[in-house]
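Novice: Pasting in a structure now, in structure tokens, and then I'll have a few things to ask.
The values are calculated or read from the model by the stated rules, or taken from the named source; none is laboratory data. In this text the structure is predicted, and so the values were computed from the model without any measurement. A quick note on method: Cβ atoms are made from the backbone with ideal geometry, for glycine too, and the neighbour counts reach across all protein chains shown. Calculation scope for accessible area: heavy atoms of the full protein, side chains included, ligands and nucleic acids excluded. Shrake-Rupley method; radii C 1.70, N 1.55, O 1.52, S 1.80 Å.
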Amino acid sequence: MATQIILLVLIVALIVYSIFLQIQLTRKNIFIETTVRRLSMIEKTHSMEEMMAFLQEIQRVSQYSSYFADKLLEKETIDFIFENIKDMRIYMHYTKNAADAKSILSDGFKFANSFYKTALPVSKDKLDLKIKHNNRKFFGDYLIIITISNDIVNYYSMELEKAGIKDYTFENILTETTPARDDNTDHIYQLAPQFIKGYVNHKTGEVVRNQVFDPYYNSPTFQKNIDLLKSK
């Protein structure tokens, strides 16, 4: 009888250990898949800055992963990101330090030509959010949340269509500053700060709200931007 009990305990222990190994293997596979995707994106852009940031993040993760837990999917963070999502278009952008995050809150979000190069659309799907986060979190600890009401999106998309303007989207219109060109001759746009909801530190869970946030903000300058495009 005692032998049977010992044998049963050993079998249970082996099952538990095999489950543990499977979990560890799954985690490693997810990490490898994310790493390959990240490297593929960097290879396409040929950006040394992105590569260095990626390598630094890998080093930090390997050294300190046991001390830091990702807070992205905690309730406070999720509630902040998904708040009123049915009435909004929500996007996220990563940046490296608090100073840059605060600057975006006060000055607005700058982007070259296409808004979607560095801003990812967010849907109320935690799995989709997690996948996008795993692919982008190496860009920085600070997750900028950009939120624009459907009313504003639909209105200016329709205005562009009525004006026959096809090479621009509503994001190019929602700026109160004149687009400039950078060293690569790309047009730099600056989304108005009212559309920046705030930011999240996905390592600590800190949430900072933008005091001027207004997803329904409608500046007279936006219509002027369309008029200027029509006159070109």
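Novice: Would you mind stating whether Y168 is modelled with pLDDT of 90 or more, of a type in the set (S, T, Y) and farther than 17 Å from K71 by Cα?
Specialist: Numbers: modelled with pLDDT of 90 or more: yes; of a type in the set (S, T, Y): yes; farther than 17 Å from K71 by Cα: yes.
Taking the combined requirement at face value, the residue satisfies it.
Novice: A follow-up question, please. Using beta carbons and a limit of 8 Å, which pairs, at least six apart or on different chains, have the first residue in the stretch 122-136 and farther than 12 Å from Y91 by Cα and the second one of a type in the set (S, T, Y)?
Specialist: N134/T34; N135/T34; R136/Y94
Novice: Okay, moving on. Would it be correct to say that K197 is open to solvent by less than 90 Å² (accessible area, probe 1.4 Å), basic (K, R), in contact (Cβ under 8 Å) with a residue 24 or more places away in the chain and in a loop (DSSP other than H, G, I, E, B)?
Specialist: Values: open to solvent by less than 90 Å² (accessible area, probe 1.4 Å): yes; basic (K, R): yes; in contact (Cβ under 8 Å) with a residue 24 or more places away in the chain: yes; in a loop (DSSP other than H, G, I, E, B): no.
It is false that K197 is open to solvent by less than 90 Å² (accessible area, probe 1.4 Å), basic (K, R), in contact (Cβ under 8 Å) with a residue 24 or more places away in the chain and in a loop (DSSP other than H, G, I, E, B).
Novice: Hey, another quick one. Conditions: (1) within 22 Å of A112 (Cα to Cα); (2) of a type in the set (A, V, I, L, M); (3) open to solvent by 30 Å² or more (accessible area, probe 1.4 Å); (4) assigned to a helix (DSSP H, G or I). M158 meets all but one. Number of the miss?
Specialist: For M158, the exception is condition (1).
Novice: Next question. Is it the case that Y189 is of a type in the set (S, T, Y) and open to solvent by 70 Å² or more (accessible area, probe 1.4 Å)? Explain how you work it out, then say what you get.
Specialist: Working: of a type in the set (S, T, Y): yes; open to solvent by 70 Å² or more (accessible area, probe 1.4 Å): no.
Against the criterion (of a type in the set (S, T, Y) and open to solvent by 70 Å² or more (accessible area, probe 1.4 Å)), Y189 does not qualify.
Novice: Just wondering, is there one or more residues in the stretch 139-150 that are open to solvent by less than 50 Å² (accessible area, probe 1.4 Å), farther than 17 Å from K197 by Cβ, assigned to a helix (DSSP H, G or I) and not acidic (D, E)?
Specialist: Looking through the stretch 139-150, at least one residue is open to solvent by less than 50 Å² (accessible area, probe 1.4 Å), farther than 17 Å from K197 by Cβ, assigned to a helix (DSSP H, G or I) and not acidic (D, E).
Novice: Can you list residue pairs whose Cβ atoms sit under 6 Å apart, with the first residue in the stretch 149-163 being farther than 23 Å from K86 by Cβ and of a type in the set (G, A, S) and the second being open to solvent by 100 Å² or more (accessible area, probe 1.4 Å) and at pLDDT below 95? Count only pairs 6 or more apart in sequence or on different chains.
Specialist: A163/K230
Novice: Scanning the stretch 99-125 for residues that are open to solvent by less than 30 Å² (accessible area, probe 1.4 Å) and part of a helix (DSSP H, G or I), which turns out nearest to A180 (Cα to Cα)?
Specialist: The selected residue is F115.
Novice: Given (1) in contact with a helix residue (DSSP H, G or I) (Cβ under 8 Å, 6 or more places away or on another chain); (2) in contact (Cβ under 8 Å) with a residue 40 or more places away in the chain; (3) more than 14 Å from I81 (Cβ to Cβ), where does T177 come up short, assuming only one miss?
Specialist: The single condition T177 does not satisfy is (1).
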